[in-house]
Amino acid sequence: VLVTCWSAKGGVGTTVVATALAVLAARRHGAALLVDLAGDVAPLVGADSSGPGLADWAAVDHDLPIDATTRLEHALGPDGLSLLPAGGILPDRPDRLAALAAVLSADSRPVVVDAGCVRPGWPGEPLARSADRSLLVTRPCYLALRRMADVPLRPHGVVVVREPGRALDAGDVAEATGAAVVAEVLQDPAVARAADAGLLLSRLPRTLARPLAAVWS
Ligand SMILES: Nc1ncnc2c1ncn2[C@@H]1O[C@H](COP(=O)(O)OP(=O)(O)OP(=O)(O)O)[C@@H](O)[C@H]1O
Ligand SMILES: [Mg+2]
């Protein structure tokens, strides 16, 4: 199963949500693949980000062996999670991204893609379009929801990252996006601390684990 996480406005928590979903999938299935199109996953989980990644793979002109992306993977943590790192800025190669989508769709593991912030002309679009589940990550924020008008993509579901005191709620988000809210994650200092300390893999905070487990059930 191929799940993509993306946002219409940056900095909402997409990378944290995608990483947590991949950790939960690995714990549940004994293996999972986290694919980074945006470039923040390796530093977030304390992995080495100096080697080649998807950007290098996508820039190649000739046919590569089918397992070429597998060779770019790094093992992350004890639960069978692997990372396919970004390795740089993704080139605008719809043909290569469509090929990647086919490879990832055929993977026997659950695959979670951090597709980052989607803008018109964004190179990861073919991948998001072929996902079994395309998840928008958003704050219940007027400006973030307004950006959806510029996004050439509709989600299957929405993950809301909620701070206290917002006037908009999950119902408003569902109405504005036309998709069901599949999880509500609280803005939690424990999540920010775990992220900053590189501890999301080893000690996934309950405020993330509990609501996001519902996405896999
Ligand atoms: N649920 C949460 N509670 C508290 N802090 C959070 C939560 N989710 C994310 N953060 C913090 O918010 C910041 C942005 O998170 P993250 O990098 O996941 O956002 P993003 O949407 O991927 O951003 P970008 O658009 O730059 O890729 C980070 O400092 C992260 O630790
Ligand atoms: Mg990100």
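The values are calculated or read from the model by the stated rules, or taken from the named source; none is laboratory data. Quick caveat, the model's predicted, so the values are computed rather than measured. Neighbour counts run over all protein chains shown; Cβ positions are idealised from the backbone, glycine included.
Taking interchain pairs and intrachain pairs at least six residues apart, which have beta carbon atoms under 7 angstrom, with the first residue in segment 61-74 and in contact (Cβ under 8 Å) with a residue 60 or more places away in the chain and the second hydroxyl-bearing (Ser, Thr, Tyr) and in a loop (DSSP other than H, G, I, E, B)?
none
Is there any pair linking a residue in segment 119-130 that is within 12 Å of residue 90 (Cβ to Cβ) and among the aliphatic types (A, V, I, L, M) to one that is buried (at least 20 other Cβ atoms within 10 Å of the Cβ) and modelled with pLDDT of 85 or more, with Cβ under 6 Å and at least six apart or on different chains, and which?
From segment 119-130, the pairs are 127/97; 127/101.
Tally the residues that are assigned to a loop (DSSP other than H, G, I, E, B) and either closer than 16 Å to residue 41 by Cβ or touching a His at 6+ places or on another chain (Cβ under 7 Å) (or both), restricting the search to segment 59-73.
2
Check off (1) surrounded by fewer than 21 Cβ atoms within 10 Å (Cβ to Cβ); (2) out of contact with any Ser or Thr (no Cβ under 9 Å at 6 or more places or on another chain); (3) not polar (S, T, N, Q) for residue 98 and give me the number that stays unchecked.
Exception for residue 98: condition (2).
Pairs needed: first member in segment 1-20, under 17 Å from residue 122 (Cα atoms); second member anywhere, part of a loop (DSSP other than H, G, I, E, B) and more than 6 Å from ligand 1 (Cβ to nearest atom); C-beta distance under 6 Å; at least 6 residues apart or different chains.
Final answer for the pair search is 4/131; 6/118; 8/151.
Please note which helices (runs of 4 or more DSSP H) are completely contained in segment 82-157 and include at least 3 residues that are within 16 Å of ligand 1 (Cβ to nearest atom) and more than 12 Å from the chain's Cα centre (by Cα).
Qualifying helices (runs of 4 or more DSSP H): 142-147.
Tell me yes or no: at least one residue of segment 182-191 is at positive phi and in a loop (DSSP other than H, G, I, E, B).
For segment 182-191, residues at positive phi and in a loop (DSSP other than H, G, I, E, B): absent.
Please determine whether any residue of segment 50-65 is within 30 Å of residue 179 (Cα to Cα), of a type outside the set (Gly, Ala, Ser) and within 16 Å of ligand 1 (Cβ to nearest atom).
Checking segment 50-65: at least one residue is within 30 Å of residue 179 (Cα to Cα), of a type outside the set (Gly, Ala, Ser) and within 16 Å of ligand 1 (Cβ to nearest atom).
In segment 198-213, is there at least one residue being farther than 22 Å from residue 28 by Cα and either among the β-branched types (Val, Ile, Thr) or free of Cβ contacts under 8 Å to residues at least 12 places away in the same chain (or both)?
No, every residue in segment 198-213 fails to be farther than 22 Å from residue 28 by Cα and either among the β-branched types (Val, Ile, Thr) or free of Cβ contacts under 8 Å to residues at least 12 places away in the same chain (or both).
I'm checking my understanding of the structure. Among residues of segment 2-47 that are in a helix (DSSP H, G or I) and small (Gly, Ala, Ser), which one is farthest from the chain's Cα centre (by Cα)?
Looking at residues that are in a helix (DSSP H, G or I) and small (Gly, Ala, Ser), I get 26.
Kindly indicate whether residue 45 is within 15 Å of ligand 2 (Cβ to nearest atom) and buried (at least 21 other Cβ atoms within 10 Å of the Cβ).
Judged against the criteria, residue 45 is a match.
Of these, 134, 108, which one is touching a strand residue (DSSP E or B) at 6+ places or on another chain (Cβ under 7 Å) and modelled with pLDDT of 95 or more?
After applying the criteria, what remains is 134.
Based on what the data block shows, is residue 56 of a type in the set (Asp, Glu), assigned to a loop (DSSP other than H, G, I, E, B) and away from ligand 2 (no atom under 15 Å from the Cβ)?
Against the criterion (of a type in the set (Asp, Glu), assigned to a loop (DSSP other than H, G, I, E, B) and away from ligand 2 (no atom under 15 Å from the Cβ)), residue 56 does not qualify.
Out of 34, 81, report the one residue that is within 27 Å of residue 193 (Cβ to Cβ), more than 16 Å from ligand 2 (Cβ to nearest atom) and crowded, with 24+ Cβ neighbours inside 10 Å.
Criteria check complete, one pass: 81.
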